[in-house]
1. Pairs of Cα atoms under 8 Å, at least six residues apart: use those to get the relative contact order of the chain, whole percent.
2. Please compute the alpha carbon radius of gyration of the range 39-90, then divide it by the globular-protein estimate 2.2 N^0.38 Å. Two decimals is fine.
3. How do 156, 17 stack up against each other in accessible area, from largest to smallest, with a 1.4 angstrom probe?
4. What is the angle, in °, between the Cα long axis of helix 3-29 and the longest principal axis of the Cα atoms in the chain? Nearest 10 is fine, range 0 to 90.
5. Give me the percent of DSSP beta bridges within the range 50-164 that run antiparallel, rounded to the nearest 5.
6. Using the Cα centre of the range 66-158 as the reference point, and only Cβ charges (+1 on K/R, -1 on D/E), how large is the resulting charge dipole? Debye, rounded to the nearest 20.
7. Using 0.36 nm per residue, how much length does the chain from residue 60 to residue 78 gain when fully extended, once their Cα-Cα distance is taken away?
8. What do you get for Rg/Rh over the range 57-164 if you use C-alpha atoms and the Kirkwood form of Rh?
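The values are calculated or read from the model by the stated rules, or taken from the named source; none is laboratory data. Small disclaimer: the values here were computed from a predicted structure and weren't measured. Glycine also receives a Cβ, built like all others from the backbone with ideal geometry; neighbour counts cover every protein chain displayed. Protein only, heavy atoms only, side chains kept; ligands, DNA and RNA dropped before computing areas. Shrake-Rupley method; radii C 1.70, N 1.55, O 1.52, S 1.80 Å.
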Amino acid sequence: MTVTERQMNKTQARMAIEEVMREYAACIDDGRYEEWPSFFTEDCRYQIIPAESHERGYVSGFYLCESRGMLADRILCLRETAIYEPHRYRHLVGGTRVVSLDGEVCSAETPFTVIRTSNEGEMTLFAAGKYVDTVVFEGGAPKFREKLVLTDSTRIDVFIAAPL
């Protein structure tokens, strides 16, 4: 395989991941939380943790799910037991950088910012950081096997019940 062919494959992987990232963000922003687990493989890992904690080797974060079933349970909990003031999220997702590509498995990083808007119209920065993803292409479609959400801040809002 030549460098050009490898680069083309990385480019195709990046474009597919950027498209799934846009759909992922729209799913959350539109409140379609029940659809959110479908972006992941059955055997997946989803974690939200401050970047600083991750860099120090800490494993405890704000949120951890280790299967698609746990993701669905998290959404059920959010819908049925969480009480919070109505608000909206808006994800601003940057360009994806493909870190590595090995056959059908891709490691990628994508910066993000999430803004929360209250019913009264007040906008606040909810979270910022980067997604560190392991993506597999199942039948050509990208699915997250692992999504590590590294937040730039060690502080997080109490509304972290919703996915980032």
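1. 25 percent
2. In units of the 2.2 N^0.38 Å rule of thumb, it is 1.36.
3. Result, largest first: 156, 17.
4. Rounded to the nearest ten degrees, it is 20.
5. Numbers: 35 of 36 bridges.
If I count the DSSP bridges inside the range 50-164, around 95 percent turn out antiparallel.
6. Taking the Cα centre of the range 66-158 as origin, the dipole is about 120 debye.
7. Gain in length upon complete extension: 4.4 nm.
8. Details: Rg = 15.5 Å, Rh = 15.6 Å.
In the range 57-164, Rg relative to Rh is 0.99.
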